[in-house]
Amino acid sequence: MSAEPIDLDSWRDLAAAQQPDWPDRSALEAVVSELQGLPPLVFAGECDELKDRMAAVARGEAFVLQGGDCAETFAGATADNVRNKLKTLLQMAIVLTYAGRVPVVKIGRLAGQFAKPRSKPTEIRGGVELPAYRGDMVNGFDFTPESRRPDPARLLRAYHSSAVTLNLTRAFTKGGYADLHQVHAWNQDFVAESPAGRRYEQLAREIDQALAFMHACGADPDEFHTVEFYSSHEALILDYDRALTRIDSRTGLPYDVSAHMVWIGERTRQLDGAHVDFFSRIRNPIGVKLGPTTSPEEALTLIERLNPANEPGRLTFISRMGASRVRDALPPLVEKIRASGAQVAWICDPMHGNTFEAPSGHKTRRLDDVLDEVAGFFEVHRALGTHPGGIHIEFTGDDVTECVGGGHPIVEEDLALRYETACDPRLNRGQSLDLAFRVAELYRSA
Ligand code: PEP
Ligand code: CO
């Protein structure tokens, strides 16, 4: 038991960036008190288990695959949608496990990823100015005054939608759907059916042989039939994550039980801000996004604030530098942190530093830039003798046209065909698998 009660509300006295301007405080308070009475979505013991897995990543003994939508929507919490995402993530994970020869820690960017930081508080269309869309947890995507008005009842819907999604992921990953042989068979289909896939015939054949060998030996471990899977989101709306923070009865310590892992975004990681303070008090494994303007001193102060005990697995830095910056912006951070003796896991988000606007006005990303940033991330860590610990991506299991490039090349003119994201452009299923095989090649070229 901890001696001192931990103050989980000290963040309220600090500046909290990117919070909605709730029009009705008493409605917000009523919702928060209802959320406080609802059951946890995850258990503290599961968060600790993920922390152990992340400690292995920090030691260089495991690799993280974290991904999902930029912004989940309430309408998107369907069985098909969740299944397709999981299917793609598991397909990627097998390839990475085989190539990296280390366990792959699978973390969904789902069951809570409903709030978005925005570069501008309002959006102007045709001379009309309305509040920006901040994610389904806050307001609606439709460009009308009613829909864009922040509505605290949405926090409750976010909780229930997260519960539905998490229930589906638990059923899919424990109920036989995630069987390794089945997932490998899907990869074989990808290799056989797509021009991008054919490049990877050799790798798929090797995995096939490894599985056949295991089978011949009579090895059929439980791990071939079920999958350990964790949830995560950017804990942006502090009223929501605070309301879902509970004291664990085993240890007397607070956990944000809305997800196994939560992270702080690039726009809310101010050292004296509310998010860093709140995160310093919960015991989950946590992440912090680091963009190209981060100084080594800032990163070291974040470590001091968020992981003063230097607990392995507690803190992950998710770098998102951009393909053109990663090779010069990342090394000073990694070098100084390594020299300090701090234990952190490093993950690469190759999405958020590579967004641009196509002539059609669609926000998009080039698969080649995404791949190049991952390659740069590997190069930097290899050169410094540190571990490139994982990737964090925005993807969907469906056949959308939001990012350009890939095996069935999507060009800028195609973007309007199936541009379905509520926020940033996601890799589609084929582009995601392509990425997994390319990362596998990076691993093997080491
Ligand atoms: C995101 O992950 O969707 C996001 C907004 O990222 P960042 O905080 O790195 O900009
Ligand atoms: Co995004």
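The values are calculated or read from the model by the stated rules, or taken from the named source; none is laboratory data. What you see is a predicted model, and the numbers here were worked out from it, not measured in a lab. Please note: Cβ atoms are built from the backbone with ideal geometry, for glycine as well, and neighbour counts cover all protein chains shown. Surface areas here come from the heavy atoms of the whole protein model, side chains and all, with no ligands, DNA or RNA. Shrake-Rupley method; radii C 1.70, N 1.55, O 1.52, S 1.80 Å.
Of the solvent-accessible surface of the chain, computed with a 1.4 Å probe over protein heavy atoms with every protein chain present, carbon and sulfur atoms account for 51 percent.
Beyond 32 Å in Cα-Cα separation lie the following of the pairs Lys174/Lys336; Lys120/Lys174; Lys51/Lys116; Lys336/Lys363: Lys174/Lys336; Lys120/Lys174; Lys336/Lys363.
Peptides 300-312, 321-333 ranked from most to least packed, by the mean per-residue count of other Cβ atoms within 10 Å: 321-333, 300-312. Using a probe of 1.4 Å on the protein chains alone, the accessible area found for His381 is around 0 Å². For the chain, the list of Cys residues with no other Cys C-beta under 4.7 Å reads Cys47, Cys217, Cys348, Cys403. Computed over protein heavy atoms with a 1.4 Å probe, the accessible surface of the range 321-368 works out to 42 Å² per residue. Volume per residue for the range 89-228 equals 159 cubic angstrom (convex hull of Cα atoms). Dipole of the range 33-139 computed with +1 at Lys/Arg Cβ and -1 at Asp/Glu Cβ about the Cα centre; of Gly112, Gly37, Phe63, farthest Cα towards the positive end is Phe63.
Note on Arg444 and Glu223: their simple-model spin labels are 2.1 nm apart, each label 7 Å out from Cα toward Cβ.
Shape analysis of the range 347-446 yields a ratio of the Cα radius of gyration to the Kirkwood radius, Rg/Rh, of 1.00.
Loop-located trypsin sites (Lys or Arg not before Pro) in the range 230-279 (DSSP state not H, G, I, E or B) with no more than 14 neighbouring Cβ atoms inside 10 Å: Arg250.
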